[in-house]
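Participant: Have a look at the structure that comes next, please.
The values are calculated or read from the model by the stated rules, or taken from the named source; none is laboratory data. Note that the structure is predicted; figures quoted are calculated from it, not measured. Here the Cβ is made from the backbone with ideal geometry for all residues, glycine too, and neighbour counts use every protein chain on show.
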């Protein structure tokens, strides 16, 4: 019999750990500014340039660091103190946010300021992502990691739901400078919580002893030798290449196709976060998940199908409903993406695997650039339609080619051969 209390207890299991509570709250308060910043800057650039291509560049500059710095961040997470690394990236993020807030308040803003600001904050996100997620495993251990990752994803999705709506509201009532003031407050609170975190002690290496380049090469080779792990990264590449641009193009569609105001645009962006929040709760409350890859594939297909429908919608109400469904799919995709990347590799290769996953996530800016060019040529809706069709075809091929991804999730014990482990 369905019991809301039992589901809630299972969903919040990892939050009983005080240290995970601190990390979770700090993560939420650091991720909310990311979604708010993207909303504020895409609308600001659209108003300044009236160009979908220039809007796409906001996403390109924000996500390009993941192509290189994410892998480096994964190697650093295996070599240095993870809490200090995450704290350092958040501190630089806060400094860059304060600078742009001053520029906005003074009325000095130019388009290149927006690009520079999101490039810096995107670099901080890329360098700190693996350390933050590795801290999750350090704190809760292997047995609770899927629940903890689902809660982490739930927190990120709550940020993605509230952030754009709050940003749209602040743009309308106080302009972009009001939005940036809120970002500064949120990042300060995140740092204070992180400072209180008592992270487990790890053996640390000096940077010169870490041999980052060799770690990167070894990590990439390791991922390439494990079929299921490689397929996990490839699917992440496909989804980020084809789906991530739809979020970046939403302000263009909201203003030019659906013809709504900034606050309604913010609500539309928040709909994706609402669906993802609900989906993350369902995953977190699951008693056990043995076939992570199946959830991963199903969530990805649901996400792509929703984008396809969103591309042809001309109704605000329908578009809002569709982005909620897209968020549900994204929850399955995003939660299982991180769970598989933590569960499949050996312990000593987990940071490297997370770094390699950042290459898949880093496909986002490439997709944004291509989509921005296509949107300028034949419209944002048509560009998103092509993306969805290509994504569905590519995902189907990967899923068919790697059956081990659809099987029971098996960790690498170091003794199985490539063909058997997937």
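Residue-wise test of (1) crowded, with 22+ Cβ neighbours inside 10 Å; (2) closer than 21 Å to residue 148 by Cα; (3) without any contact (Cβ under 8 Å) to a residue 24 or more places away in the chain.
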site	(1), (2), (3)
23	yes, yes, no
31	yes, yes, no
51	no, no, no
55	yes, no, no
74	yes, yes, no
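Participant: As an exercise: evaluate residue 88 against (1) buried (at least 20 other Cβ atoms within 10 Å of the Cβ); (2) under 14 Å from residue 123 (Cα atoms); (3) at pLDDT 90 or above and give the number of the one condition it does not meet.
Facilitator: All conditions are met except number (1).
Participant: Here is a further query. Looking at this structure, is residue 274 buried (at least 18 other Cβ atoms within 10 Å of the Cβ), farther than 27 Å from residue 53 by Cα and modelled with pLDDT of 80 or more? Walk me through how you get there before you give the answer.
Facilitator: Numbers: buried (at least 18 other Cβ atoms within 10 Å of the Cβ): yes; farther than 27 Å from residue 53 by Cα: yes; modelled with pLDDT of 80 or more: yes.
It is true that residue 274 is buried (at least 18 other Cβ atoms within 10 Å of the Cβ), farther than 27 Å from residue 53 by Cα and modelled with pLDDT of 80 or more.
Participant: Condition first: part of a helix (DSSP H, G or I) and either modelled with pLDDT of 90 or more or within 15 Å of residue 280 (Cβ to Cβ) (or both). Now tell me which residues in segment 1-21 satisfy that.
Facilitator: Taking segment 1-21 first, the residues part of a helix (DSSP H, G or I) are 4-11, 13-16, 18-21.
Answer for segment 1-21, where residues must be part of a helix (DSSP H, G or I) and either modelled with pLDDT of 90 or more or within 15 Å of residue 280 (Cβ to Cβ) (or both): 7, 8, 10, 11, 13, 14, 15.
Participant: While we're looking at this one, here's another question. Say we look at segment 277-292 and pick out the residues that are more than 13 Å from residue 337 (Cα to Cα) and at pLDDT 80 or above; which of these is surrounded by the fewest Cβ atoms within 10 Å (Cβ to Cβ)? Steps first, please.
Facilitator: Taking segment 277-292 as the starting set, the residues that turn out to be more than 13 Å from residue 337 (Cα to Cα) are 277-279, 281-282, 284-290.
Now restrict to residues that are at pLDDT 80 or above: 277-279.
Numbers: 277: 24, 278: 16, 279: 28.
Of everything passing the filter in segment 277-292, 278 is surrounded by the fewest Cβ atoms within 10 Å (Cβ to Cβ).
Participant: Hey, does segment 341-356 have a residue that's without any contact (Cβ under 8 Å) to a residue 12 or more places away in the chain and surrounded by fewer than 22 Cβ atoms within 10 Å (Cβ to Cβ)? Explain how you work it out, then say what you get.
Facilitator: Step one: list which residues in segment 341-356 are without any contact (Cβ under 8 Å) to a residue 12 or more places away in the chain, which gives 347.
Applying the additional criterion that residues be surrounded by fewer than 22 Cβ atoms within 10 Å (Cβ to Cβ) yields 347.
Checking segment 341-356: at least one residue is without any contact (Cβ under 8 Å) to a residue 12 or more places away in the chain and surrounded by fewer than 22 Cβ atoms within 10 Å (Cβ to Cβ).
Participant: Return the residues of segment 253-270 that are in contact with a helix residue (DSSP H, G or I) (Cβ under 8 Å, 6 or more places away or on another chain), farther than 12 Å from residue 39 by Cβ, modelled with pLDDT of 90 or more and surrounded by fewer than 24 Cβ atoms within 10 Å (Cβ to Cβ); say none if nothing qualifies.
Facilitator: 255, 256, 257, 258, 260, 264
Participant: Answer yes or no as to whether residue 81 is surrounded by fewer than 23 Cβ atoms within 10 Å (Cβ to Cβ) and under 21 Å from residue 353 (Cβ atoms). So that I can check it myself, show each step before the final result.
Facilitator: Working: surrounded by fewer than 23 Cβ atoms within 10 Å (Cβ to Cβ): yes; under 21 Å from residue 353 (Cβ atoms): yes.
Taking the combined requirement at face value, the residue satisfies it.
Participant: Output the helices (runs of 4 or more DSSP H) that fall wholly within segment 224-318 and possess 3 or more residues being over 29 Å from residue 176 (Cβ atoms) and touching a residue at least 60 places away in the same chain (Cβ under 8 Å), or say none.
Facilitator: Values: elements: 227-242, 244-256, 262-284, 292-312.
Answer list for segment 224-318: 227-242, 262-284, 292-312.
Participant: Continuing with this model, one more query. Being surrounded by fewer than 24 Cβ atoms within 10 Å (Cβ to Cβ) and within 15 Å of residue 243 (Cα to Cα) narrows it down to one residue among 307, 324, 295; which is it? Walk me through it before giving the result.
Facilitator: Numbers: 307 fails: surrounded by fewer than 24 Cβ atoms within 10 Å (Cβ to Cβ); 295 fails: within 15 Å of residue 243 (Cα to Cα).
Residue meeting the stated conditions: 324.
Participant: Here is a further query. Quick check: anything in segment 158-165 surrounded by fewer than 23 Cβ atoms within 10 Å (Cβ to Cβ), farther than 25 Å from residue 363 by Cα, modelled with pLDDT of 80 or more and out of contact with any strand residue (DSSP E or B) (no Cβ under 7 Å at 6 or more places or on another chain)?
Facilitator: Checked against the condition, which is being surrounded by fewer than 23 Cβ atoms within 10 Å (Cβ to Cβ), farther than 25 Å from residue 363 by Cα, modelled with pLDDT of 80 or more and out of contact with any strand residue (DSSP E or B) (no Cβ under 7 Å at 6 or more places or on another chain), segment 158-165 yields at least one hit.
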